[in-house]
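My questions all concern the structure below.
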Amino acid sequence: MLSVLLSPVVSRAEDASLEYAVKATFLYKLGPFVTWPAHAFETPTGPVNLCVVGRDSFGATLDQAVAGQVIGTRSIAVWRLAAVDRGRACHILYVGTNDPRLAAEVLDAVGGTPTLTVTDGIRDARAKGVVNFVIVASRVRFEIDDHAAAQGGLEISSKVLSLAVAVRPRS
Amino acid sequence: MPTRIFPPSSRFWRVAPRLAAATAVVLIAAAIAAAFFIERAYTDQKQREVSVSAGILASTVTAALVFDDVSAAREYVEALAANPEILSAAVYDETGALFASYARTSDSRPPATAGLALIAVGGDRVAVSVPVRHEGKVIGTVNLLSTIEPLASRLPRYALILLLTLMAAAVVAVLGAAQSALAHVNEELRERARQLQDQIVEREKAEDALRQIQKMETIGQLTGGVAHDFNNLLTIIIGNLDRLERRIDAKADAAELKKVAKFARIGADRAATLTKSLLAFSRRQPLDPKPLDANKLVSNMSDLLRRTLGEHITVQMVGGAGLWRTQADPNQLENAILNLAVNARDAMPEGGRLTIETANAYFDPHHAAQAEVEPGQYIVIAVTDTGGGMTKEVAAQAFEPFFTTKDTSHGTGLGLSQVYGFVKQSGGHVQIYTELGQGTTVKIYLPRLTAEPEAEEVETAPDSVEGRHETILLVEDDPGVRENSAMMLQELGYRVIGASTGAETLQTLERNRQVALLFTDVGLPGSMNGRQLADEVRRRRPELPVLFTTGYARNAIVHDGRLDPGVHLVTKPFSYADLSTALRNLLEARADRTAEARKP
């Protein structure tokens, strides 16, 4: 009972901020299940860059969620970007748009780089990031494109893959 | 030496029963220890298995806990339901609240908050609790409750082990007991073997003593019988010789003297017959076997038999057709048949019929072994009477010397033993068939003569039996016999030179070239017997004829109970007629050979 109460249940009737609180935690919680290639980081102890591009629906929630959190030995740095900056290595990139065209543009911009792209509620398969948040039975779930992950040199743990509502396999 | 039934290692076999008992105890103890060990190992194994399952669940459920995915967590938990031993599985979050769970039965439902014990075993259950770690932090707990096989169902396995062990122990114990019993029995057996050995030795001693007694009895019976018969005969001889002297002193006339001398002579002849029978039984008589036709021999005897048996007995001869020839001493065979005929006559005091049949016969190996003869072809001479027959006991003893059912006036009891001795000595067999009141048949089996060795020697009667003053070298160690023989030779018209040993004979021979014949006893004292002496004499004077005489056969001139070829013998006691015929035959044969040799 308690777990049901504590679980981040989201319904239309409830506060949408709870949905984004859950998505904020998911963003950093995905980190431990992803392995980036060594060249993705400037230094061995450098932070994991968590970038938000487009609409920022998290606000302070994201900063609070990641405060004090680490991925392995790395701290998490949150960056809000007006546009995708290829020069700034984003390890996790949240694409804040419902527009598949816009989303696709962002994804094209970082294509081939070791970036865990996260789209939100995109239905067009061509515009989905490596991770795409969906709402299933009033709960935040995700789809994973392991094929795209592989193109960026990312390894995604099978533990997460098994939680995904849909997985596009590597090959 | 008594047999050793067991080798010296029997000490081992004495301690074997104790060893077996100890082995059985050790086996049982080992089995119990093994059961405890297996039980302990089983429980440990179960705990490890459940711990591993819990660890796997904890690992896989991490992401579900992280992303708060209860349905995924429940899927993982329920996946464990495939294992029937898992009673319940529960995942708690980091606050200890139940996140996802599965329970097979209501009583195995996991508690709402994380359990206290990491590992707990109670009865037939084992509970395991492991933390869920993520990024170095404990983010939850996994609890598993599993059954282990109930002791009740494990016990039969242990019972089986125990049963097998008990059986093995029982086998060992039984073997030990059997070994013990066997050792005991062996001890008894050894003791009995020792006793038996002692008894055998005792028995052998007793039997030796008994044999000695029987031997003495037999000798006593034999000598007693001989002495008795001889005394009777000597009484006749001495009495008549006394009478003869008295009549001579009284100047009785020649006819009366001759009559008394004849009585003495009858007694002496009977004594000679007696010794011949004795020798025949002892198979010491020198046989002179010749090829003969039994039919001819038997028919030649018919007159003699009719005279001997008297008129009230019918004699019937049935000669078998195509009868094979045999080889035997004809005189002894006639004697044997005569003895059987006399016995038959005595068995038929009221008169009856005597049948003498001849036939060919065959001994197969089985019957030959029973009769103690060589298997093969035989001729059989069967003498049958219609008299009173014999009882089995009498028939069994019939061949024993001096065994007689007749009173002393009738005979010596040596008749059948002569038959037995002669037939056996001739390589044959004799068998009695008799039934009380039905008569008796005695069958004489003699071996068939297969190869005629040489033409029958025709004894030509000499022209004259008187000597022609030839010189005879007489060798005899007994002075009385030597003097008697010398007197007989001189009366027969010969010159006589006497000698008592071989050495003396050879010297005498050197000095007297006129010696025409050597007449020697076979048994001589000193280093040279009669045969050796004759051989030595022939080496010096090859043409000199030799005549042997003997009281009974010696190996020197008789082999296998038969005279060696070329040996001429006159047996003691011999009469004037016996001696003169033998001498004349030899001397005239020599004269013929000399005449042949002198022919140009």
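The values are calculated or read from the model by the stated rules, or taken from the named source; none is laboratory data. Keep in mind the model is a prediction, meaning the values are calculated, not measured. Note that each Cβ is placed from the backbone with ideal geometry, even for glycine, and that neighbours are counted across all protein chains shown. Just so you know, the surface numbers come from the protein's heavy atoms only, side chains and all, with ligands and any DNA or RNA stripped out. Shrake-Rupley method; radii C 1.70, N 1.55, O 1.52, S 1.80 Å.
Ordering B:277, A:158 by accessible area with a probe of 1.4 Å, largest first, what comes out?
Accessible-area ranking of B:277, A:158, largest first: A:158, B:277.
Suppose R0 equals 25 Å. What FRET efficiency, 1/(1 + (r/R0)^6) with r the Cβ-Cβ distance, do residue B:124 and residue B:167 give to the nearest 0.05?
Approximately 0.25, to the nearest 0.05.
How much solvent-accessible surface does residue A:55 expose, in Å² to the nearest 10, with a 1.4 Å probe and all protein chains in place?
110
What net charge is computed for the residues neighbouring residue B:534, neighbours being all others with C-beta under 12 Å from the C-beta of residue B:534, Lys and Arg scored +1, Asp and Glu -1?
Residues close to residue B:534 contribute a combined charge of +1.
Taking 2.2 N^0.38 Å as the expected size of a compact globular protein, what ratio does the Cα radius of gyration of the protein assembly as shown give against it, to two decimals?
That works out to 2.53 for the protein assembly as shown.
Something else now. Viscosity 0.890 mPa s, temperature 25 °C: what is the translational diffusion coefficient of the stretch B:290-447 from Stokes-Einstein with a Kirkwood Rh over Cα pairs, rounded to a whole number of µm²/s?
Stokes-Einstein gives a translational diffusion coefficient of 155 µm²/s.
Where does the charge balance sit around residue B:580 when Lys and Arg score +1, Asp and Glu -1, over other residues with C-beta under 11 Å from its C-beta? Walk me through the numbers before you get to the answer.
On the way: positive: B:584; negative: B:466, B:491, B:578.
Local charge sum for residue B:580: -2.
Using DSSP to call loops (not H, G, I, E or B), can you name the trypsin sites (Lys or Arg not before Pro) in the stretch A:113-156 whose Cβ has at most 12 other Cβ atoms within 10 angstrom?
Within the stretch A:113-156, the qualifying trypsin sites (Lys or Arg not before Pro) (loop, at most 12 other Cβ atoms within 10 Å) are A:123.
Using just the C-alpha positions of the stretch B:471-598 as equal point scatterers, what log10 of I(q)/I(0) does the Debye formula give at each q in 0.12, 0.18 1/Å?
-0.41, -0.98
Which whole number in µm²/s is D for the stretch B:213-369 by Stokes-Einstein, with the Kirkwood Rh taken over Cα pairs at 10 °C and 1.306 mPa s?
In µm²/s, the coefficient is 82.
Rank these residues by their accessible area, most exposed first, probe 1.4 Å: B:436, B:446, B:80. Don't jump to the answer; show the numbers that get you there.
Details: B:436 110, B:446 0, B:80 30 Å².
Descending order: B:436, B:80, B:446.
Another one. How large is Rg/Rh for the stretch B:10-149, to two decimals, with Cα atoms and a Kirkwood Rh?
Rg/Rh: 1.33.
For chain B, with only Lys/Arg (+1) and Asp/Glu (-1) charged at the beta-carbon, what is the dipole magnitude about the Cα centre, in debye rounded to 20?
In debye, rounded to 20, chain B gives about 860.
Find the relative contact order for chain B and round it to a whole percent, using C-alpha pairs within less than 8 Å whose residues are 6+ positions apart. Could the numbers behind the result be given before it?
Numbers: 899 pairs, mean separation 53.4, N = 600.
Rounded, it is 9 percent for chain B.
Dipole of the protein assembly as shown (Lys/Arg Cβ +1, Asp/Glu Cβ -1, origin at the Cα centre): which of B:103, B:214, B:349 lies farthest to the positive side?
B:103
Under a straight-distance cross-link criterion of Cα-Cα below 17 Å, which aspartates and glutamates are reachable from residue B:215, leaving out those fewer than 8 residues away in the same chain?
Counting by Cα, and skipping residues close in sequence, residue B:215 has these aspartates and glutamates nearby: B:204, B:207, B:400.
Round to the nearest 0.05 the FRET efficiency obtained for residue A:155 and residue B:38 when R0 = 45 Å and r is the Cβ-Cβ distance.
Between residue A:155 and residue B:38 the formula returns 0.50.
How many times 2.2 N^0.38 Å is the alpha carbon radius of gyration of the stretch A:15-164?
Compared with the compact-globule rule of thumb, the stretch A:15-164 sits at 0.95.
Let me ask you something else. At q = 0.05, 0.06, 0.09, 0.12 Å⁻¹, work out log10 I(q)/I(0) for chain B with the Debye formula, treating every Cα as an identical point scatterer and leaving solvent out; two decimals please.
One equal scatterer on each Cα of chain B leads to -0.50, -0.57, -0.93, -1.27.
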